[in-house]
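What follows is a set of notes on a single structure, which appears directly below.
The values are calculated or read from the model by the stated rules, or taken from the named source; none is laboratory data. Since the model is a prediction, treat every value here as computed from it, not as a measurement. Using ideal geometry, Cβ is built from the backbone for each residue, glycine included, and neighbour counts are taken over all protein chains shown. For accessibility, only protein heavy atoms count, side chains too; no ligands or nucleic acids. Shrake-Rupley method; radii C 1.70, N 1.55, O 1.52, S 1.80 Å.
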Amino acid sequence: GTKQYVVPLFQRPYSWDKKEWDVLWTDLIDLCEYSEPKSHFIGSLVTMPTISVPEGVAKFMLIDGQQRITTIFILLAVIRDIAKNNSLQDLADEISQTMLVNPFKKGVDYFKLMPTQTDRDAFTKLVLEGSDGQSQIGRCYQFFDRKIQQDNIDVRSLTKVITGRLSVVSIVLDHDDNPHLVFESLNAKGRPLTQADLIRNYFFMRIHVDQQEEIHARYWQPMQAALRDNLTECIRHYLMRNGSLVKQSDVYFTLKDRVGQTDALAALEEIAIFAGYYEKL
C-alpha cells in the first residue's frame, strides 16, 4: 500500500551488525530449504499513526522494530539489484514499486521507510542508486549481497520467503498513547538499548517536535559523533561532577530524577558543554 514508516528522532541510528545479520540470514536460508511452507516469527512491530496532509501518504511513527524493518528493506534492495543484473527486470520492478517506494509520490513521500536523520542520506541513496558501502547501512547491503552470491540463492524464492513467510506481532498505538513510555518499557529482540539511547529518548520526547531536528543537529549529534560508545560514560561523569557516585546501570534514572520538571532543553545544553570537556580530557 501507499504508506511510509518514519523512524523518530529519539531512536538510535541503524546499529545491527554481522552478529544480527548472520542470525537473520540463517533463519531465511532455513525457510528457503524447508520443503513445507512455514512462517517464522521475527518479533514485534510497534507503530503510531501520525497526522499527514490529506494528499500525502499514510505515515506511521516506528516506535519499535526499526532495526529489523530497516534490515529487511536493505535486503530487498540487494535482491532488486541482483535481479536487475540477472535480467529479472519484472522481479526488480515489483520489489521496487510495491515494497521499497511509493512510485507516484514526490519528495520524501516517495520512500516507504524514512530512517532517522543520521541514516537518511545513506538509505535514500541505496534505494535510488545502490550502496556506497561507507555507512552501516552500506555494510549491511554488502553483507547480504555477498551471502546471496556465495550461497547461489534463488532470488525469487528468497523474495517469497521475505514477503510471505516472516510474521510479526503488529501493535498500533492510539494517538493519545505516550510513545516515550512505550519505547522506554519495551525489551525488543536485537541489540539492547544503552543508557545514552534512553536518555536521548527522554530528552527529545520532552522537546517540541518543531524544534527536534535543529536541537538534534546542534547538541546531540555532535556528542554522539565525538564520543560514540563512550557517551553513556560521559553522562555518568557529568552526573558525578559534584562528588556523588552513580553506578553505570543507574545513569538514565539518575539523570531523569535530576532533570525532573526542569527545562529539558537547558539540561541538554549543559550536558553538551560538559561533553566537550570530556572529549578533550
- Message: It is to be established whether one or more residues within region 147-169 are basic (Lys, Arg), touching a residue at least 24 places away in the same chain (Cβ under 8 Å), part of a loop (DSSP other than H, G, I, E, B) and surrounded by 13 or more Cβ atoms within 10 Å (Cβ to Cβ).
- Response: yes
- Query: Considering region 230-281 alone, what residues qualify as being more than 25 Å from the chain's Cα centre (by Cα), crowded, with 16+ Cβ neighbours inside 10 Å and among the aliphatic types (A, V, I, L, M)?
  - Reply: Leu239, Val246, Val259, Ala267
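So that you can scan it fast, the table gives a plain yes or no per residue for (1) on the phi < 0 side of the Ramachandran plot; (2) acidic (Asp, Glu); (3) surrounded by 19 or more Cβ atoms within 10 Å (Cβ to Cβ):
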| site | (1), (2), (3) |
| --- | --- |
| Phe104 | yes, no, no |
| Lys112 | yes, no, yes |
| Asp121 | yes, yes, no |
| Ile137 | yes, no, yes |
- Pairs only if they're at least six apart or on different chains, beta carbon under 8 angstrom, first in region 263-281 and under 22 Å from Gln212 (Cβ atoms) and free of Cβ contacts under 8 Å to residues at least 40 places away in the same chain, second part of a helix (DSSP H, G or I) and open to solvent by 60 Å² or more (accessible area, probe 1.4 Å); list them, first residue then second. none
- Task: Mind listing whichever residues of region 3-31 are among the hydroxyl-bearing types (Ser, Thr, Tyr) and either within 27 Å of Lys106 (Cβ to Cβ) or outside any helix (DSSP H, G or I) (or both)?
- Result: Tyr5, Tyr14, Ser15
- Item | Criterion violated by Val108 - all others in (1) farther than 24 Å from Arg12 by Cβ; (2) among the β-branched types (Val, Ile, Thr); (3) open to solvent by 30 Å² or more (accessible area, probe 1.4 Å) satisfied | (1)
- Note on the structure: So, first residue over 18 Å from Thr194 (Cβ atoms) and open to solvent by 60 Å² or more (accessible area, probe 1.4 Å) in region 206-228, second residue part of a helix (DSSP H, G or I) and not hydroxyl-bearing (Ser, Thr, Tyr), Cβ within less than 6 Å, six or more apart or across chains; the pairs are Arg206/Ala264
